[in-house]
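First up is the structure itself, then whatever we jot down about it.
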């Protein structure tokens, strides 16, 4: 091993071996987990997602050159630390929203950006609230097999973007959803690129659609791991066949570098449905790192 490198099975588990921190003061990007899955409508288990994603991030963290094929290590340009997990709401759904929203407000007030690891997809709602309070109404860049825009006054991981649009914190005409492979009764004005269209569309072309839709508006990027086909990401609560692979998803993400992505999350890894290879958590860790790069480049 080269000096300064550490084997992935040694030491404390933080996201990409970044320092653990109690506060976001002085950071460019803070990483935090939200281990919550009580808003799932399918299989539970994503409360263990933040830990699994962090663990698999260590397989890439031992190398000094960063995350291939990015041409720099994010730690060489951005000061990043892992704040650990938001807690205090286990078994109490009504406590989740204010707890996550308050923590996100606290982080953003320091001037740091925020990358969050879930947890089920409902965690995006309080995060969007906090980011919109700081940056104004947001464009949503949404990778998923499900629209999560069901018109329902109940709040779960399939309704939160309906609530966010109704609340005015998402701007539909600047927002885009990709990968949908389930019924989508109402997009509420967002552009939808369904799973079949994604598979027919080259990554650069899809990225251009995102760029044109979002424009210069501050954007929040959310990536549900079930955007990926379950052959490459089986450990999730509501898997749907017919999705893209990791290489395609990452090509799209890298091709939107330069958009004003002010925050983001990676959600819905449920490691109890994983095989011994932990491929879903590995995909989640890699995608989360890509989102971190995008947030960092937007700060620049």
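The values are calculated or read from the model by the stated rules, or taken from the named source; none is laboratory data. Keep in mind that this is a model prediction, so the values were computed, not measured. Counting neighbours? That spans all protein chains shown, and the Cβs are built from the backbone with ideal geometry, glycine included.
Overview of results
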item: Matching option when the condition is at pLDDT below 95 and closer than 28 Å to residue 254 by Cβ, among 121, 131, 135; result: 121
item: Search result, residues across segment 102-124 that are in contact with a helix residue (DSSP H, G or I) (Cβ under 6 Å, 6 or more places away or on another chain) and farther than 20 Å from residue 40 by Cβ; result: 104, 105, 108, 113, 114, 115
item: Residue that is modelled with the lowest pLDDT [pool: residues in segment 104-118 that are touching a strand residue (DSSP E or B) at 6+ places or on another chain (Cβ under 9 Å) and more than 13 Å from residue 263 (Cβ to Cβ)]; result: 118
item: Count of segment 147-172 residues which are modelled with pLDDT of 90 or more and under 11 Å from residue 187 (Cα atoms); result: 5
item: Matching residues, segment 185-197, being assigned to a loop (DSSP other than H, G, I, E, B) and surrounded by fewer than 14 Cβ atoms within 10 Å (Cβ to Cβ); result: 185, 186, 189
item: Qualifying residue in segment 69-83 (condition: modelled with pLDDT under 90 and in contact with a strand residue (DSSP E or B) (Cβ under 8 Å, 6 or more places away or on another chain)); result: no
item: Strands (runs of 3 or more DSSP E) contained in segment 80-155 and holding at least 1 residues surrounded by fewer than 17 Cβ atoms within 10 Å (Cβ to Cβ) and in contact (Cβ under 8 Å) with a residue 12 or more places away in the chain; result: 80-85
item: Residue pairs meeting the criteria (Cβ under 9 Å; at least 6 apart or on separate chains; first at positive phi, in segment 165-177; second outside any helix (DSSP H, G or I) and at pLDDT 95 or above); result: 168/137
item: Residue that is nearest to the chain's Cα centre (by Cα), among those in segment 252-287 that are more than 24 Å from residue 82 (Cα to Cα) and part of a helix (DSSP H, G or I); result: 252
item: Segment 156-181: number of residues that are crowded, with 24+ Cβ neighbours inside 10 Å, outside any loop (DSSP other than H, G, I, E, B) and out of contact with any strand residue (DSSP E or B) (no Cβ under 7 Å at 6 or more places or on another chain); result: 1
item: Whichever residue in segment 23-47 is modelled with pLDDT of 95 or more and out of contact with any helix residue (DSSP H, G or I) (no Cβ under 8 Å at 6 or more places or on another chain) and, among such residues, is farthest from residue 261 (Cα to Cα); result: 23
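So that you can scan it fast, the table gives a plain yes or no per residue for (1) under 16 Å from the mean Cα position of the chain (by Cα); (2) without any contact (Cβ under 8 Å) to a residue 60 or more places away in the chain; (3) assigned to a loop (DSSP other than H, G, I, E, B); (4) more than 23 Å from residue 33 (Cβ to Cβ):
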{"site": "183", "(1), (2), (3), (4)": "no, yes, yes, yes"}
{"site": "199", "(1), (2), (3), (4)": "no, yes, no, yes"}
{"site": "210", "(1), (2), (3), (4)": "no, no, no, yes"}
{"site": "220", "(1), (2), (3), (4)": "yes, no, no, no"}
{"site": "233", "(1), (2), (3), (4)": "yes, yes, yes, no"}
{"site": "243", "(1), (2), (3), (4)": "no, no, yes, yes"}
{"site": "250", "(1), (2), (3), (4)": "yes, yes, no, no"}
{"site": "289", "(1), (2), (3), (4)": "yes, no, no, no"}
